[in-house]
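Take a look at the structure set out below.
The values are calculated or read from the model by the stated rules, or taken from the named source; none is laboratory data. This one's a predicted model, so the numbers in the text were calculated from it and none came from an experiment. Every residue, glycine as well, gets a Cβ built from its backbone with ideal geometry; the counts of neighbours run over all protein chains shown. Only protein heavy atoms, including side chains, enter the accessible area calculation; ligands, DNA and RNA are left aside. Shrake-Rupley method; radii C 1.70, N 1.55, O 1.52, S 1.80 Å.
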Amino acid sequence: MRQMKNFIFIALCWLAAQQAFAQKWEKIGDKPQMGWSTWNKFAGNINEDIIRSIADAMVETGLAEAGYTYINIDDCWHGKRDKDGFIQPDPKRFSSGIKALADYVHGKNLKLGIYSDAGTGTCAGMPGSLGHEYQDALQYARWGVDYLKEDWCNTTNINPIGAYQLMSDALREAGRPIFLSMCEWGGNEPWKWASEIGHSWRIGPDIWCNFDSIRVHSEGYTDVGVMQCIRRNEPLRIYAGKGHWNDPDMLEVGNGMTVNEDRAHFTMWCMMASPLILGNDIRQMSQETKDIVMNREMIAIDQDELGVQGLHYGDRQGLEFWFKPLKDGEWAMTILNATKAPITYDLNWQQFNLTDEEVSHLSTNFSSTTYKVRNLWTHKDEGKTNLKDKTWKSVTIPSRDVISYRLIPITK
């Protein structure tokens, strides 16, 4: 009997340990992450001086005050592993070490992110984490890292659920709260299984600086434009929420698209409750780029406490109508013109009496509720919605641009 009790006790302890290790770090991803990453602008041409100067710019420009927190080092920071298997930074590019860099970033009240891969090597051929997950997690914790993006190159015959769970467990065991951004590209539908493993997951291929086209590389992989990212993400809203976000990839705002396209790009990421990870050189931003990425009224839509990804309600006259339920009965509403010509539309609120059946179960109730209408890009109030079936206003949406409103209930 005593042996049986001992066996049961050991089994319960083992089960409790497994359940503990199966938990990701909580509370650090309750809202979509905001920050900056090296890859879109610098690719592999990075060093510690760039990271320090970006940290300086994050504060000096006001981006940090606007909510951008993480400064993420993507691929190509790696050196070799030491004799015990612990990864080291490139001794020339990061001669001061990652710990010193993390201390510098933390001194700006910002957080440092780093990059690895679930396979034998990263996408750029640097050492991957396969077989070294617990060592790498411990090293990141020792360095003071706050964020890990784990990629999916060189992963032949590897199970993605097991691979990402292993890294999640390793991060937890290392003892430092670290945000886990999974970059599996959507091939194994991570939205169906990753919510208890990581804090966000990529839903498709890499983005490139283009509004609506696909780029095919000679190696066989593809990059996708803004609209392709939106199309992949819009049916996945039921999987997003506090602590687990669909990630259509980093932002290309400020990297060469038109101002209209940049504004539409940023707006739609906010409407979809997507991570806002900048990919431009924030040390050299035009005023137009600053006005977009530091639009706090638009950022507030992305960061809303209700944590609901927006709904593509329908299309009319070539325009897309998107709604996002917010806390306190408010709504965000965006009209997206993805075409190559401006479109004028007679806006009648009574045509948009809808209920979000999939996620929030909230209703706009335009037939019985009057809302104050706040334009999120002009930063002006534009009156209130009407309760009668008539045109509220004729609006013109430029090519590849948006009009966005915050709707604040006045009467119910």
Listed residues Val145, Val59 arranged by accessible area, highest first, probe 1.4 Å: Val59, Val145
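So if each residue of separation counts as 0.36 nm, and I subtract the Cα-Cα distance between Lys372 and Arg142, what length gain in nm does that give?
Computed gain between Lys372 and Arg142 is 77.8 nm.
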How many angstrom lie between the Cα centre of region 234-264 and the Cα centre of region 266-289? 9
The alpha-carbon center of region 372-396 and that of region 22-97 are separated, in whole Å, by 42
Computed from every Cα-Cα pair in the chain, P(r) in 10 Å bins starting at 0 and rounded to whole percents is 5, 22, 30, 23, 12, 6, 2, 0, 0
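Under a Cβ-Cβ cut-off of 13 Å, what is the net charge of the residues other than Ile238 that fall near it, where Lys and Arg count +1 and Asp and Glu count -1? Could the numbers behind the result be given before it?
Values: positive: Lys192, Arg237; negative: Glu189, Glu234, Asp356, Glu357, Glu358.
Its environment carries a net charge of -3.
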Selection of trypsin sites (Lys or Arg not before Pro), region 337-388, meeting DSSP coil and at most 12 other Cβ within 10 Å: Lys340, Lys388
Find the accessible area per residue for region 287-402; the probe is 1.4 Å, ligands and nucleic acids are left out, and the unit is Å². 44
Angstrom value of the Kirkwood radius, inverse mean 1/r, which spans all Cα pairs in region 42-96: 12.7
What longest region of the chain stays clear of GluC sites (Glu not before Pro) that DSSP places outside H, G, I, E and B and that have at most 15 other Cβ atoms within 10 Å? 27-195
Given a Förster distance of 22 angstrom, what is the FRET efficiency for Asp346 paired with Thr258, based on the Cβ-Cβ distance and rounded to 0.05? 0.25
What does the helix-only formula give at 222 nm for the chain: each DSSP H stretch with n ≥ 4 adding -39500 (n - 2.57), the total divided by the residues, and the result rounded to the nearest 500 deg cm²/dmol? -8000 deg cm²/dmol
Per 0.36 nm of contour for each residue apart, how much would the distance between Leu387 and Tyr313 grow if the chain were fully extended, relative to their Cα-Cα spacing? 24.6 nm
